[in-house]
Amino acid sequence: MTNLLIRIFLNKNKSMITRHSYGRLTGIVGITANLILFLIKLIAGLLSSSIAVIADGFNNLSDAGSSVVTLVGFRLASTPPDKEHPFGHGRMEYITTMVIAIMILFAGIELVRTSLDKIINPTAAEFGWVTIIILVVAIAIKLWLALFYRKIADEIDSEALVASSVDSRNDVICTTLVLVSALIGWFTSINIDGYVGVGVAVFVMWSGVSILRDTVSPLLGQAPSPQLVKDIKDTVLAYQGIIGLHDLIVHNYGPGKCIVSLHAEVSSEDELMHSHDLIDRIEREITEKYNAAVCIHLDPVDIKDERVNALRTFVDDILEGINPSLSLHDFRVVFGETHTNLIFDLVVPFKYKNTRDLREKVEQLVQESNPQLFTVITIEHSYT
């Protein structure tokens, strides 16, 4: 069914299909399906006097609202860059996901209120075959909708559609619980309608909080995935003439759009124009591969001074002994008659809270080996 909808409503040429096209399709499908589910569940709930069924129906109505938010969100996210937002509007998808999460959360709160009222003021529910059939059909539709959202989410890497898929999965579980409640009430006359409603509500709220937590992280500026960091490093280091790299920063501006900056180390012996051309080629490849705005700083490194190389190896060994996760870059040496300064940036994991102690420990270990060596250390944390 999903592939059929894509073939009917989207361009058959896959290269011509945009994120907005997918978003529009999922929004229209979600609105249509959820409005149908709301109407049939409302009718079933009124016929059976079941608060759980009615509440589940209004949950579908909020899902229709979520689909409207998705539709609008993808449309705004596809807006081209402008003067106020030169890197585009891709983060609108994250905001869309946040709005969906908040709507899920409020739907859960409303479910708790109505369910508690049903527990305090119980009324007998009158289930019949029509209600049972409606609930079974609703479960099947929502299960397909969850799979539909997930397939499109994987296709375009969309957190908003992942949230919609999770919400639809929650609805499958919720409606299944309502169905079980209906069957128990029908065959045993035990009324657990309100209690099931509370259980459904708690599950819905938990899902909303989880989605909200996962959405806030990229908006705050979360670190890039380890795989992306590895891929970028491998791309840069694959070029002959690149000795190393550091200060890699990946800044997310929405799905499929990021800013990448890094320092690339080259030999100070290389001709400047040659190194500049090398950096230009790397920037072009990363730009095309990751749809990124790329800025690479050229760092010339003296690799032929044996005294400097020996001192760097000496400091590297000290850091390895303290913690293998420590690293350094921009290592320079200023030789003097009475003492020698070792100047470098020390990169530490975020778990180090007291960097002063770390700096003093490195200084101590260096001077224990050679009292004439002094360190000038700049502490920084890895952005990746």
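The values are calculated or read from the model by the stated rules, or taken from the named source; none is laboratory data. Computed from a predicted structure; not experimentally measured. As a convention, Cβ positions derive from the backbone with ideal geometry for all residues, glycine included, and neighbour counts pool all protein chains shown.
With the structure loaded, tell me whether residue 161 is in contact with a Phe, Trp or Tyr (Cβ under 9 Å, 6 or more places away or on another chain), within 19 Å of residue 38 (Cβ to Cβ) and assigned to a helix (DSSP H, G or I) or whether it fails that test. Here the answer is no, as residue 161 does not meet what is asked. For region 47-61, filtered to residues that are part of a helix (DSSP H, G or I) and over 18 Å from residue 176 (Cβ atoms), the residue that is farthest from the chain's Cα centre (by Cα) is 47. Among the candidates 246, 276, 263, the residue that is part of a helix (DSSP H, G or I), under 26 Å from residue 309 (Cα atoms), modelled with pLDDT of 85 or more and out of contact with any Gly (no Cβ under 7 Å at 6 or more places or on another chain) is uniquely 276. For region 86-101, a residue qualifies if it is touching a residue at least 24 places away in the same chain (Cβ under 8 Å) and either outside any helix (DSSP H, G or I) or touching a strand residue (DSSP E or B) at 6+ places or on another chain (Cβ under 6 Å) (or both), and the qualifying residues are 87, 88, 89, 90, 91. Taken over region 232-243, the criterion of being free of Cβ contacts under 8 Å to residues at least 40 places away in the same chain and either of a type in the set (A, V, I, L, M, F, W, C) or assigned to a helix (DSSP H, G or I) (or both) is satisfied by 233, 234, 237, 238. Is it the case that residue 117 is in the same structural domain as residue 183 (by TED's automatic domain parsing), over 25 Å from residue 165 (Cα atoms), modelled with pLDDT of 75 or more and assigned to a helix (DSSP H, G or I)? Spelling it out, residue 117 is indeed in the same structural domain as residue 183 (by TED's automatic domain parsing), over 25 Å from residue 165 (Cα atoms), modelled with pLDDT of 75 or more and assigned to a helix (DSSP H, G or I).
Sub-9 Å Cβ pairs linking a first residue in region 303-314 that is over 14 Å from residue 340 (Cβ atoms) to a second residue that is modelled with pLDDT under 90 and exposed (fewer than 12 other Cβ atoms within 10 Å of the Cβ), at least 6 apart or interchain, are 303/269; 304/269, ordered by first then second residue.
Mind checking which residues of region 55-85 are without any contact (Cβ under 8 Å) to a residue 24 or more places away in the chain, more than 22 Å from residue 37 (Cα to Cα) and not basic (Lys, Arg)? Correct list: 76, 79, 80, 81, 82, 84, 85. Of the numbered criteria (1) closer than 28 Å to residue 186 by Cα; (2) modelled with pLDDT under 80, the one residue 160 fails is (1). Of all the numbered requirements in (1) of a type in the set (S, T, N, Q); (2) without any contact (Cβ under 8 Å) to a residue 60 or more places away in the chain; (3) in the same structural domain as residue 90 (by TED's automatic domain parsing), residue 181 misses one, and that requirement is (2). Within region 211-251, no residue satisfies the criterion of being farther than 30 Å from residue 161 by Cβ and outside the structural domain of residue 294 (by TED's automatic domain parsing). Checked against (1) surrounded by 12 or more Cβ atoms within 10 Å (Cβ to Cβ); (2) outside any helix (DSSP H, G or I); (3) among the polar types (S, T, N, Q), residue 338 passes all but condition (1).
Comparison of 44, 64 shows that the only residue that is within 15 Å of residue 139 (Cα to Cα), small (Gly, Ala, Ser) and over 20 Å from the mean Cα position of the chain (by Cα) is 44.
State the number of residues belonging to region 216-231 that are surrounded by 14 or more Cβ atoms within 10 Å (Cβ to Cβ) and in a loop (DSSP other than H, G, I, E, B). Count: 2. Within region 120-154, the set of residues being at pLDDT 80 or above and not hydrophobic (A, V, I, L, M, F, W, C) comprises 142, 149, 150, 151, 154.
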